[in-house]
Structures are given as structure tokens and as C-alpha cells.
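Where a number appears in this text, it was derived from the coordinates with a stated rule and is not lab data. These numbers were taken from a predicted model, which means no experiment stands behind them. Here the Cβ positions follow ideal geometry from the backbone for every residue, glycine too, while neighbour counts run over all protein chains shown.
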Amino acid sequence: MDTHIWEGFKDELRRQNMSENTIRSYLSALRQFFQIYPELNAANLRLYKIYLLDHYKPQTINLRIQALNSYLRYIDWQDGRILRVKIQQKGFLDHAISDGDYEYLKSRLLKDKKYLYYFLIRFMAATGTRVSEVIQFTVEDVKAGYKDVCSKEDKVRRVYIPDLLQKDALRWLEEVERESGYIFLNPSGGRISTGGIRKQLKVLAARYQLDEQVVYPHSFRHLFARNFIERCDDISLLSNLLGHESLETTRIYLKRSSTEQKSIINEVVDW
């Protein structure tokens, strides 16, 4: 593929405020297509979808199709787009950390004075932010009590920091003498990376004998959403707070987890 077009497409993705991780995923999908099919035409696009169906799960397939379609729009391709595959929505919310495990993890992090990760999981669980969003919080945001997060297509949503979390975070920031800038830093003093967070959460899960399948960044966003909908029956507000483009995406939080479903079955079914 022409280097000029490649760089132009990359710049276009940045103009759309996509995260660097998403941009890398898009470019990886594009690179894969041209490695398998050097010529861009309708027949090869159909073959690529078949190749994806044979090798990947639906979520990955749709991500790569989305990347190719984005590129086709960029070059003003007029011969149609690749249709996404339909994903049957689960009837349950799986791999979400329980309130008990969350409280246990917080207590252990406090006891071991691991304040960085203590506040990281609290921010995700109390604001519903994605891991790519939580690392953007600054001291100035904590003082203001909210952060305006810019997501895809320049859409901005306001993320509120609950008063209790704000008070505790300000006390911590004062103790570490942090007066401005990002609040979640790596040992070198730079902003912590999303990959570093994921790896460290796995380490902490193993250390505290927690299920690694429920100790990952998005799990705390699930926790926020699940508890919010239980206490405030306003799915439209929750959808806005999470930055979902559709209410259908948010409806998963109206459903019980697979563990809860099994527990109810065990209690109810005695025949």
C-alpha cells in the first residue's frame, strides 16, 4: 500500500480522536488484509470476511471489518462495505467482579500501601470510566470534581467524581505532593499505560488469591454500571454516563451475572 495513503489514514484516525490502541488495531487489520490480498477489490473483501470467520471470534471479526470499512470511507471506495457479523447478546453479565471481592481487594491494597492501584480501581468503579479514560484524570479534574472525556467522533461526556472519592483522592494527592498533572504515574514519572495496568492487576489477583478473570480494568466499569442500575432505575442516564451510543449496549446491566443466575436456580429448583 502507498506510504502516503497509509500515513494519511493514520492521521485521519487521530483526527477522529481514536486511542493509540485502536489506531494500532485498525492498522494491523489493514496490514493483514494487504498481506493476504495485495489487490483491493470487492471479491477480495468478501474473501477476507470468510478468512476472518474461519480464524477469529465475532468481536475480533467485527473490529477488523470496522477497520477496513473505515479505510474504505477514507479512500472514498464506492463498491460497498463489508457487512459486520451479528453477535447474539448474552442473557447474562459474565466475568464481573463482585462487591465482596472489590471490597476485599481495596482493603488489601490499603493494607499494603499500594495507593496507586487502590485509587485506580476506585476511580474506575466509582466513575464507570474505561481504562483508557481513567489514566487521563488530572489533579485539576479531581479538584473540579469532574472530567470532560472526549470519545469517538469528538463526542464529549462529563464524568463525575463522587464527593467521598474526591475527598480521599485530594488527601492522597496532598500527601504525595502532587499539585498538577496526571494522577496515575508509572515509576519513571510518566503517565501509566493501559497495558501496565492490565498486567499489574493480574499480578495483584494472583497475590490476593482472586479470580484473574474478574480482576481486569473493564470489570470495574461493569461493577459501576451494575450497582448504579440497582440503586437508580434510570438506564438512559446510565447510558449517558458510560458513553454508550445505544441503549441496547447498556441493557446488559439489567441482567444478572451467570453466578447469580446459578445461585437462584440452586435456591428455586428443588425438583
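Here ASP168 and ASN21 are evaluated by their C-beta separation; at R0 = 22 Å the FRET efficiency comes out at 0.15. Between ARG73 and ASP112, the modelled labels are 4.3 nm apart [label points 7 Å from Cα along Cα→Cβ]. With a cut-off of 18 Å on the backbone N, the residues of the stretch 177-191 near the modelled label site 7 Å out from GLU140 along Cα-Cβ are 178-185, 191.
Database remark: amide H of LEU185 closer than 5 angstrom to the amide H of ILE192 (H placed geometrically; neighbours at sequence offset of 5 or more, or on other chains; Pro and chain starts carry no H). Is the shape of the stretch 189-243 best called rounded, prolate or oblate, per the rule: a/c under 1.5 gives rounded, else a/b larger than b/c gives prolate, else oblate, with a ≥ b ≥ c the square roots of the Cα gyration tensor eigenvalues? Note, shape of the stretch 189-243 comes out oblate.
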